[in-house]
Each structure stands twice: as C-alpha cells, then as structure tokens.
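Everything on this sheet refers to the single structure shown next.
Read-outs throughout are calculated quantities, based only on the coordinates presented, and are distinct from any laboratory measurement. Please read these numbers as outputs of a predicted model, since none were measured by experiment. Here Cβ is always computed from backbone atoms with ideal geometry, including for glycine, and neighbour counts include all displayed protein chains.
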Amino acid sequence: MNGSSETSGKAPIYLDYNATTPLDPVVIEEIHKSLVEDWGNPSSSHVLGRQAKAAIERSRIAIARMLNASHEDIVFTSGGTEANNISLLSAIHSTTSADHSKPHVITSNVEHDSIALVLQEQLKRGNIELSLVEVDQNGKLHYDSVLSLIRDATCLISIMHANNESGIIMPIEEVGNKLLAINEERKRKGIRRIVFHCDAAQTIGKIEVDVKKLKVDMLTVVGHKFYAPRIGALYVKDLTNNEFPLRHIFQGGGQERGFRPGTENTPMIVGLGKAAELVYENLKTYTETMQTMRNFLNVQLQDGIPGVGINFSTAAEKLPNTLSICLPEGLTAQTVLNEGCKDKLLASLGAACHSNTEKPSAILLASGLSPAEASRTIRLSVGRTTTVKEIEEAVKVLKKACHGGDS
C-alpha cells in the first residue's frame, strides 16, 4: 500500500480490503479520461450529451456482463446504501394483499446496517412484520431456516451474499432455487410472489456473482469494494417489465430511464464499468491470489503469535481474502490495533463503520463468539496486490503489539 506512517515514516501495511479498496490504476486512467472527454450532460441531445450517454451505456453493459445479466436490468446509484434502500422500500411499498395484512419481510441477524436499520425503521412505523433468521454458532445461515419463516404475507427476503466481518458465504443459490418452486405454487394460489434481494457488496471481485445462478430478483453492487469509485448499481430482474415499480427515495428528473432521478456521475460510472471489466477478465486470478495470501497469513499468524485463534475456522465456504482472528487472552483488539499497531498495521475490529466503538461487534456475537472473544477479534482482509513481504511484516507488527519484542 502506498502511504506513510506519521510516526516512523514507514509505509503502513493495509489489511482492511473488506472496508474499502483503492482505485485500480487502470480505473483511475479511465476516470481521468472521462473527466476530460465526457463532461456533457447525458440528458442533452447534442453531441456532448450523446457522448456522455454512450459512455454510461458501455459501463452498464460491462456491469451486466460481470453479473451475467441483461444491461437493461442495471440502474446506477450513489452507492450500496442507496441501492439497498431502493430494493427494500420498492418491495415493501408495492405490496398489496386482499386481507390488508402487513407485508412480511425475512432477513438475517447479521446484515449490514443499510439493510437492518431500514427494516427496523419500517417495523417501527408499523409498515411491516419482520422475521430475523439467526445464523448458527459458526456464522452460517441455513437455507431451510429462511424458508421455514415464509408465510402468505411474505413479500421480501433479503440476505447478504457474504458477511463483511466473518467472511462467511451465505447459501443464496440454495434459497433462490427453492424460492422458484415456492413462487410457482404461490402463483397458482393467487398469492403474491416473494422478491429475493441480495447485497453482494463483499463478493463481487472475490468470487463469482452470477445472478442467473443465484436466482435473485435484485442484487446490490458496491463499487468501492472492488477497486472502483464510491458509487453503486442495482440489478433488478426484468426491470422494464417488473411487477413492482422501483421506489424513488428522492424526487427529481427522469434519469436512468425514470428509475433513479439525478444527473448521472458519468466519470465515476465509467470507472465502475472499467472495474467490472477487470473483474470479468481476471476473477480467477484475483480469487486465487487472495486465497493464497490469506492462507499464508493464517499460517504465519499461528506459527508466529502464541495463543492467537482463528474464528470460523471450520466454515466450509468463506471469502478467499478474509481472516477473522482472536487475540490471546488478556488483550483487547481495540488496544492492540489502536496503540500497538497504530500507523503500522491497518485493519478493523469488525465492520469499518463500527470500528471506533468499544462494544463487541453484535455481528460477531450473533455468529457464535462470546463477548470476551469478540472483544479480542480483529478482521484481516487481503487484497489483489497484497505481498508475502507485507504479510510477514504485518505478523511482526502484530506479534510485537501482543507480546512485545522486535518488529
């Protein structure tokens, strides 16, 4: 990672790629080029407007290809939070029932706040009934636990593809396949189909994300998690013919074919499209590289730091780049990271958006860790360019922070 430590002048080791990623150099080049060339308003009919619009459409096609989707089913958003809000609110507020029962929503107890807090607010307002599926003691969600909560009033299931803290991959494809048959039966009975939404923030660029295999109706794309700008996109199956309208969370013009108001951020959309191209072309290499570095980190930690534990070590399906570690007893992750590793090793206690809190992560507690274990947990996540040398240095820094000695 480029950068410098204020205290030592030495570049810090960045192992927080689940929090955010730097822009890929190729993406930076594309953004810069677009800033210079594609500055016209995409809604304008003159040549500069048409040029900007064409650039946006090329990116839409690139993102669709990455997801194995139709380009007509992609809508650009300001980021993952907006895409998640649009998905949930669209499904909830388009629901009607003959008996006027409240829409029922199913989600997990380890979702990102941009899912969990939206649903909690809708519950508080009396707009929905909500069921939470608990993950097991290894952080895994079981698809039959999801399906067992379905009722006639169920309108939406929203499950993340992989958890940002544990790295556990959820059984999206299994749920999607089962829902196909369930929705067919509901159609025969005249019951509204269940919409299936997936937040793929942590999986795009790390493992295959194929909307046809996953059988999802909506899927959230978050650019800054895969070396793209801080914007997002939303996949909606059969968008133009969908049985429920996308709900505007703010009002404005008719951009994005009327599905999402606001003048498009052309250069950032171009950057997102280029990042999607890179994923489409290089995913196998990215996955293998990250998994190799993650496994090397695992070995180095267990060999180099007495008493360190690996959380969720028995989980079969995990992100190839993520390692959740539990520090030796007598330590706290917050003290080790913020004092012993300060400006030397950059990582998170859990989710980056909660990394400054003193409370143990609710996600980790829900995933089977005790409060003591959660308070000693650090999330380490490698990236595409993480090196053996960086990992060796990171382990030295962490060892010194835990036990003292030379770093």
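Data for the structure
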read-out: Most fluctuating residue given options ARG384, ARG257, ARG247, as computed from a GNM of the chain linking Cα atoms under 10 Å; value: ARG257
read-out: Segment 185-337: Cα Rg divided by the 2.2 N^0.38 Å rule of thumb; value: 1.39
read-out: Structure-based [θ]222 nm, the chain - -39500 (n - 2.57) summed over DSSP H runs of at least 4, per residue, nearest 500; value: -12000 deg cm²/dmol
read-out: Added length on full extension, which subtracts the Cα-Cα distance from 0.36 nm per residue, ASN41 to THR285; value: 84.1 nm
read-out: Kirkwood hydrodynamic radius of segment 230-299, Cα pairs, Å; value: 15.4
read-out: Label-point gap, in nm, between THR292 and GLN137 - each point 7 angstrom along Cα→Cβ; value: 3.7
read-out: GNM result for the chain, Cα springs below 10 Å: residue of LEU301, LEU35, LEU272 fluctuating most strongly; value: LEU35
read-out: Computed label-point distance, nm, for sites VAL299 and ARG50 using a 7 Å Cα→Cβ extension; value: 5.9
read-out: Set of lysines near LYS206 by C-alpha distance (under 24 Å), chain-local residues within fewer than 8 positions excluded; value: LYS140, LYS215, LYS225, LYS237, LYS274, LYS284, LYS318, LYS389
read-out: Using distinct alpha-carbon pairs, which all enter the 1/r mean, Kirkwood radius of segment 1-135 in Å; value: 19.3
read-out: In range of the label at ARG58: residues from segment 259-303 whose backbone nitrogen is under 17 Å from the point 7 Å along Cα→Cβ; value: 265-281
read-out: Two-decimal log10 I(q)/I(0) for segment 37-99, as the Debye equation yields it once each C-alpha is a single scatterer, q = 0.13, 0.19, 0.26, 0.28 Å⁻¹; value: -0.53, -0.86, -1.04, -1.07
read-out: Rounded to 5, percent antiparallel among DSSP beta bridges of the chain; value: 50
read-out: For segment 262-407, projected area of the alpha-carbon convex hull averaged over all directions, nm²; value: 11.1
read-out: Pairs of Cα atoms farther than 22 Å apart, segment 127-254, %; value: 42
read-out: Under the Debye formula (equal points on every Cα, no solvent term), log10 I(q)/I(0) of segment 25-278 at q = 0.18 Å⁻¹; value: -1.40
read-out: Sequence ranges 144-157, 69-82, ranked by mean other-Cβ count within 10 angstrom, highest first; value: 69-82, 144-157
read-out: Separation of the LYS33 and ARG188 label points, Cα + 7 Å toward Cβ, nm; value: 5.4
read-out: Nearest-ten-degree value, helix 113-124 long axis tilted from longest Cα axis of the chain; value: 50
read-out: Neighbourhood charge, 9 Å Cβ-Cβ cut-off, centred on ALA347 and excluding it, Lys, Arg +1 and Asp, Glu -1; value: 0
